[in-house]
1. So if we plug the beta-carbon distance of A:E80 and A:A253 into 1/(1 + (r/R0)^6) with R0 = 35 Å, what FRET efficiency do we get, rounded to 0.05?
2. So what J values fall out for region A:219-233 if you push phi through Karplus, 6.51 cos²θ - 1.76 cosθ + 1.60 with θ = phi - 60°, rounded to Hz, Gly and Pro as x?
3. Just to verify a number: FRET efficiency for A:K212 and B:Y34, C-beta to C-beta distance, R0 = 35 Å, to 0.05?
4. For helix B:15-37, report the angle its Cα long axis makes with the longest principal axis of the Cα atoms of chain B; keep it between 0 and 90° and round to the nearest 10°.
5. A:A39 versus A:L204, label points 7 Å from Cα toward the beta carbon: distance in nm?
6. Rank A:T239, A:G226, A:G192 by how far each Cα sits towards the positive end of the charge dipole of the protein assembly as shown (+1 on Lys, Arg Cβ; -1 on Asp, Glu Cβ) and give me just the farthest.
7. Each residue of region A:39-44 in turn: what ³J(HN,Hα) in whole Hz from Karplus with 6.51, -1.76, 1.60 and θ = phi - 60°, glycine and Pro shown as x?
8. Using θ = phi - 60° and the Karplus relation 6.51 cos²θ - 1.76 cosθ + 1.60, list the HN-Hα couplings for region A:96-107 in order, rounded to whole Hz, with x at every Gly or Pro.
Amino acid sequence: MPLTDTEAAPATLTVRSLLVWGLLAGLVGGLLAFGFASAFGEPSVDKAIAIEESAGAEHTHGTDPAEHHHDETAPAEEEEVSRAFQSTGGLGIGAVAYGLGLGGLFSLAFAFAYGRIGPLTPRTTALTLAGLGYVSVVLVPFLAYPANPPAVGKPETIGDRTALFFGMIGISLVLVIAAVILAKRLTPRIGGWWATVSTAIGYLVAVTVVAKLLPSFQEVPEGFPGNVLWDFRVASLGTSAVLWAGIGLVFAALLHRGLTKLQPQAV
Amino acid sequence: MTHAVALPTPVSIPVRQILPYALFAGIISLLALYFVGAEQGALAIFDGTYVHELVHDARHLLGFPCH
Ligand SMILES: [Zn+2]
C-alpha cells in the first residue's frame, strides 16, 4: 500500500500535544472550508434568499427565531447582522469556530484510537479517523436529513428536525464506534479483511434501517428550483469534505512532524 | 534522514490519561459546535438572534437545520 510509512518507533504521545495539533488542524480546516463555502456555497444561498424574498415568504433572518410566521404585511425585517456580513465575516467566524471545535474533538478521538484500531501507522490512523468521521457524522446524517438552503423547511418543524438530525448523528456515531470495536474483536478469528468488510456492511445496513424508521420531512416549497437545491446540497457536502480532509491531513502532518522530532530520544 | 527502522506498534495512550482532557476540552469543543449548529435556532442559551444571524450561512452550509 502506498500509504505505509517507513517511520520508526513512535514515542508515547501526550494528550496535550494532540489537542494543540487538533486545534491547529481545525483552524486550517475551518479556513479552507470557509474558502470553499464562499466560492461554491454562497451563490446558491444568495439565490435561495432571493427566491424566498420574491415569494413573499421571507423567513426571519433578522427577527426573533421563535416568531417564524411570515406576515406579508409585516415591515421589512430588522437585521442585527447585515446579509453582507453574514455571507462573508459571519461565514468565516462560523466555519472557523466549528473547525476549532471539530479539531479538538478529533484530537480526543485520535487519542483513544491511536494504537488501538489495528496495524496502522500514525498518519494512516489520522486519515482513517477523518474518513470514518466524515462518513458517520456528515454523509450518513446528510442522506437521512439533507441540508437545506434558506426558504426550504417549515419553521414549525425546526425543533423536530434539529432533534432528529442530532439524533441521527449520535446513532451513526455510536454504530460506527461499535463497528470498529467489533472489527477489532473479529480480526483474530476471521482476519482483518473480512472483519472490516463485514462490520462495514453491518454499519451501513444498521444506519439504513434507522434512517428508514425515523420520520422524514418533505418541506421543499412548490416551485423551488431543483438546481438551486442540488447546488446548495453538493456545496454543503463539499464544505464538510474540505473541513474534514483539512483536519485529517493537517493533523497527520503535525503528528508526523512531532513523532519524528521525538525520535532521537525514543531510540 | 536516518535509515528506515522496522515499524513497531504505536504506544496507545492510557484511557485514564485521556479522560480529564476529554471532559474539559470535549465540553468546550462541543459548545463551539453547538453555537454554530443550533444556538438561537431550535434551542437558545442567550436571548436574541445575534448568534443565529452571525453564523447563519455556516449553519446552513454545514448541514444544520436553521429555521
Ligand atoms: Zn436560514
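1. Numbers: r = 39 Å, r/R0 = 1.12.
Calculated transfer efficiency: 0.35.
2. Going residue by residue, I get 10, 6, x, 4, x, 5, x, x, 5, 5, 4, 4, 4, 4, 5 Hz, with x marking Gly and Pro.
3. Numbers: r = 28 Å, r/R0 = 0.80.
It comes to 0.80.
4. With both axes taken from Cα atoms, the answer is about 30 degrees.
5. Distance between label points: 3.1 nm.
6. Sorting the options by dipole projection puts first A:G192.
7. So the J values, rounded to whole Hz, are 6, 10, x, 4, x, 6.
8. Whole-Hz 3J(HN,Hα) from phi for region A:96-107: 5, 4, 5, x, 5, x, 5, x, x, 5, 4, 5.
No lab work stands behind these numbers, since they all come straight from the coordinates. Note that the structure is a prediction, hence the values are computed from the model and not measured. As a convention, Cβ positions derive from the backbone with ideal geometry for all residues, glycine included, and neighbour counts pool all protein chains shown.
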